[in-house]
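Q: Next up is a structure, given as structure tokens.
The values are calculated or read from the model by the stated rules, or taken from the named source; none is laboratory data. Remember, it's a predicted structure, so these values are computed and weren't measured experimentally. When we count neighbours, we look across all protein chains shown, and the Cβ atoms used for this are built from the backbone with ideal geometry, even at glycine.
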Amino acid sequence: MFETILDQEPMLRLGAFLGVLMAMAVWELASPRRRREIPRVIRWTNNLAIVAIDTVIVRLAFPVLAVGLALAAGEHGWGLFNVLGAPWWLAVLLSILILDLAIYLQHVLFHAVPALWRLHRVHHADLEFDVTTGLRFHPVEIVLSMVIKLAVVAALGAPAVAVLLFEVLLNATSMFNHANIRLPAKLDRVLRWIVVTPDMHRVHHSVIPAETNSNFGFNLPWWDRLLGTYRAQPQAGHEGMTIGIELFRTRRDLWLDRMLIQPLRGPASCGALDIFLRRTEDNRACLRHPQD
């Protein structure tokens, strides 16, 4: 069965991507959490364009992607689980959990290091929060993320099916937890013990640095709770909170060309590590700079 899954990898990825994207888009239309202020055509065309660029660059830059590396590791006995001869089911379960923890730690790192924050702030500079925000990442960040993922997969000797399942789940949950959808409050309280919900992750996209530097999880919510980065709600409420960052707030900044050159624009990311460590609201002034 798992060999069949791996054989159908491209169709599985594409089907899951398009299925979740369309489902969230319909849900956003039927039951939005926040009122839309910017025409969808502006944001969606540019956000989806950067997804296409990211995909092409990754395919060109990496002759072997994560699933291929996992297959090679299994054939040659590379990595921790292969050396230890761990039971297959245990290796799959632990691989998914450890890969998710690695993504959480990577996310924290991209907030804490000024040079990496310049790349990651492309994701945060979206002025609204919907399903396409979960796909909006600078190509250089995507390349660095792939390098980190390949290193973790090789070190673990993760089974190929675990890597494929993790990548499909991560892509799907990223679109889900960025979606502008309304969930009943009681359901949200239960779900956020199992998966990162839109209300939980929306806090992370607040303009207030104390809230931006919280709720780093994309898939599992446990790491934020265990490591002290969990914040239940935004102080202004979900309808009243401001999405984005102080530095880039014009509609022109939403265009593809501005996204691609954004890491080169503006002053140095002053105090990024301090903002992360202190997570205090008074550090907002550090991020206020005139548009260049």
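Q: Which one of these does residue 240 not meet: (1) outside any helix (DSSP H, G or I); (2) surrounded by 18 or more Cβ atoms within 10 Å (Cβ to Cβ); (3) free of Cβ contacts under 8 Å to residues at least 40 places away in the same chain?
A: Among (1) outside any helix (DSSP H, G or I); (2) surrounded by 18 or more Cβ atoms within 10 Å (Cβ to Cβ); (3) free of Cβ contacts under 8 Å to residues at least 40 places away in the same chain, residue 240 violates only (2).
Q: Filter segment 165-217 for residues that are surrounded by 23 or more Cβ atoms within 10 Å (Cβ to Cβ), outside any helix (DSSP H, G or I) and basic (Lys, Arg) and give the result.
A: Residue satisfying the conditions is 192 alone.
Q: Which helices (runs of 4 or more DSSP H) does segment 75-153 wholly contain that include 1 or more residues that are more than 16 Å from the chain's Cα centre (by Cα) and crowded, with 20+ Cβ neighbours inside 10 Å? Break it down stepwise before answering.
A: On the way: elements: 80-84, 88-112, 114-124.
Per the criteria, 80-84, 88-112.
Q: Right, next: Can you spot a residue in segment 39-46 that is free of Cβ contacts under 8 Å to residues at least 60 places away in the same chain, closer than 22 Å to residue 252 by Cβ and either touching a His at 6+ places or on another chain (Cβ under 7 Å) or exposed (fewer than 12 other Cβ atoms within 10 Å of the Cβ) (or both)?
A: So far as segment 39-46 goes, yes, one or more of its residues are free of Cβ contacts under 8 Å to residues at least 60 places away in the same chain, closer than 22 Å to residue 252 by Cβ and either touching a His at 6+ places or on another chain (Cβ under 7 Å) or exposed (fewer than 12 other Cβ atoms within 10 Å of the Cβ) (or both).
Q: Which pairs do you get when a residue that is farther than 19 Å from residue 174 by Cα, found in segment 1-20, comes within reach of a residue that is modelled with pLDDT of 80 or more and of a type in the set (Val, Ile, Thr), reach meaning Cβ atoms under 6 angstrom, with the pair 6+ apart or on two chains?
A: That search, which allows pairs on different chains as well, returns 2/161.
Q: For segment 243-263, how many residues are in contact (Cβ under 8 Å) with a residue 60 or more places away in the chain and part of a helix (DSSP H, G or I)?
A: So the first thing to find is which residues in segment 243-263 are in contact (Cβ under 8 Å) with a residue 60 or more places away in the chain, and the list is 243-245, 247-249, 251, 253-256, 259-260, 262-263.
Next cut, part of a helix (DSSP H, G or I) only: 251, 253-254, 256, 259-260, 262-263.
So the answer is 8.
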